[in-house]
Amino acid sequence: MIAAFAESLAGRLNFDSALSQRVRQEIQDHLCEAVAAAPLGDGGKAVQRAIANFGDPHVIAAQFATAWLARQAWKVGVIVTVVITCDFVTMKTRLAWYAATRSVLSDDVKALAKAVGWIDACAFYVSAIVGIAACAYLVLRRVLPTVVCATQGNRLRHVLFLSGVSAAALSISVIGDGVLTTVRLAGKDLAVELLVPISSMAIEIVCTGILIFSIRTVVARMTHAAALIET
């Protein structure tokens, strides 16, 4: 009975396998301790009483889902902030390296570089502004993670929307950086001095990929989590 009850509750949280497994184990441990503390010979009645005292599985699952939604909102906000900061630092590092090594563009690609650079800069600023807006929204729209309400789901949707816009703009910026780096390094032989621009581009691509993957993962899971709260 204990295993069946724990499985029933944990099954409602299968949108996050780690959370589901942890909750299943915690419930089983808690109920087993409650039964062990019951008078000897109580047997099946002690199990039934422990399960009844534990509460409605749907309500408990909704509480866990609410806390999960709250954590995911903050997690996405932190990832957006870290990724934008990392990309900004790598961009500045690459530009500083170009200046230090006196790397200049050839005259025949300056017009292209200027146009791409303008788009790149605009896209990055949009990404940064929207990312800041997502974080500001989290701070201003505080909701206690222990309160079961559909507001948590709506809050996460808004954060994901802003984060998605930020990620899309950042992707455009990274593509622009890639074009500018390719134009600047085209025709040059592989050397140690190219390690900084190439590695910085790799960091930008990886960071942006992490952001996109994180948003996509949360979007895929949140539908089931929000359903527990809204029903």
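Residues Asp56, Asp120, sorted by accessible area with the largest first, give Asp56, Asp120 [1.4 Å probe; ligands and nucleic acids excluded]. Quick one, could you list the DSSP H helices from the chain stretching 15 Å or more along their long axis (Cα atoms) with average Kyte-Doolittle hydropathy of 1.0 or above? Helices meeting the criterion: 110-140, 195-230.
Excluding ligands, DNA and RNA, the accessible surface per residue across the chain is 55 Å² with a 1.4 Å probe. Seen through its C-alpha gyration tensor, with square-root eigenvalues sorted a ≥ b ≥ c, the chain comes out prolate because a/c lies at 1.5 or above while a/b is bigger than b/c. The label point for Cys122 and the one for Ile203, both projected 7 Å from the Cα toward the Cβ, are 2.8 nm apart. Would you please classify the overall shape of segment 85-133 from the alpha carbon gyration tensor, given that a ≥ b ≥ c denote the square roots of the eigenvalues, rounded means a/c under 1.5, and beyond that prolate means a/b larger than b/c while oblate covers the rest? Judged from the Cα gyration tensor, segment 85-133 comes out oblate (a/c at least 1.5, b/c at or above a/b).
The values are calculated or read from the model by the stated rules, or taken from the named source; none is laboratory data. A quick note: this is a predicted structure, and the numbers were derived from the prediction, not measured. Methodologically, a virtual Cβ is constructed for each residue, glycine included, from the backbone with ideal geometry; neighbour enumeration extends over all protein chains shown. Areas reflect the complete protein model, heavy atoms only, side chains present, ligands, DNA and RNA absent. Shrake-Rupley method; radii C 1.70, N 1.55, O 1.52, S 1.80 Å.
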